[in-house]
Amino acid sequence: HENYEEKLELALDRFATVVRKELLEANLIPGVVKFINSLNESNLSCFVNSGSDEKELIQIFSVKGISDLFKGIFGSPATKVENTKKILDLMGNKKYLFFGDSKSDYLSAKEFDIDFIFVDGFSEWENYKVNKGDFLTQIHDFSLLRVWYFSSLKMIDSALLDKNNLCIVDIGAAG
């Protein structure tokens, strides 16, 4: 029994090391940093809402030099729905916009009636089926977005670290 727990702990440590390495090496989705910088210049708050470990995300974003772009970085062990609620509680009654590349991003946005933009360029959400109008729009990446389009919005989901990691600003990775 004790040997099993030691092996499990070792396996979990190894897995965490692999995930951390992948996140550090992941490329950001094209155009995302420029887009988030322009949102910040327009005084629009950006948050990260991710399924990845929150402490690791904060460390990785710091190493990548992008942590200061976000008003908050939220991850597991809380769920995306729980993190979205934290962000809404923090920001209050404003208009929100959620960028994401996964079903869990979409469901979190839908739970709180937040407009959702599906970032399909690096998504692993296969065979997504939604009703017409469920997405505000669908984009491949952030390279063609302009802030004036979102000037009335106060939050963005951005899982922009890698293709498996989307956020309320969901910064997914490209390849």
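The values are calculated or read from the model by the stated rules, or taken from the named source; none is laboratory data. Note that this is a predicted model, so its numbers are computed, not measured. When we count neighbours, we look across all protein chains shown, and the Cβ atoms used for this are built from the backbone with ideal geometry, even at glycine. Heavy atoms of the whole protein, side chains included, go into the accessibility calculation; ligands, DNA and RNA do not. Shrake-Rupley method; radii C 1.70, N 1.55, O 1.52, S 1.80 Å.
When the residues of the range 81-120 are filtered to those that are without any contact (Cβ under 8 Å) to a residue 12 or more places away in the chain and open to solvent by 90 Å² or more (accessible area, probe 1.4 Å), the one that is farthest from residue 70 (Cα to Cα) is 113. Would you check if residue 42 is modelled with pLDDT of 80 or more and within 30 Å of residue 144 (Cβ to Cβ)? So residue 42 does not fit the description; no. Taking the criterion of being assigned to a helix (DSSP H, G or I) and of a type outside the set (Gly, Ala, Ser), the residues of the range 38-62 that qualify are 39, 40, 41, 54, 55, 56, 57, 58, 59, 60, 61.
For the range 150-172, the criterion of a residue being modelled with pLDDT of 65 or more and polar (S, T, N, Q) is satisfied by no position. Which one is most open to solvent (accessible area, probe 1.4 Å), of the residues in the range 38-75 that are hydroxyl-bearing (Ser, Thr, Tyr), in contact with a helix residue (DSSP H, G or I) (Cβ under 6 Å, 6 or more places away or on another chain) and in contact (Cβ under 8 Å) with a residue 12 or more places away in the chain? For the range 38-75, the residue satisfying everything is 42.
Quick check on my filter: what residues within the range 5-36 are open to solvent by 90 Å² or more (accessible area, probe 1.4 Å) and either within 30 Å of residue 69 (Cβ to Cβ) or at pLDDT 80 or above (or both)? Correct list: 5, 6, 7, 15, 21, 22, 25, 34. Of the strands (runs of 3 or more DSSP E) entirely within the range 63-149, those holding at least 2 residues that are modelled with pLDDT under 80 and over 12 Å from the mean Cα position of the chain (by Cα) occupy 137-139. With the structure loaded, tell me whether residue 87 is closer than 26 Å to residue 140 by Cα, touching a Phe, Trp or Tyr at 6+ places or on another chain (Cβ under 6 Å) and hydrophobic (A, V, I, L, M, F, W, C) or whether it fails that test. Answer is yes for this residue.
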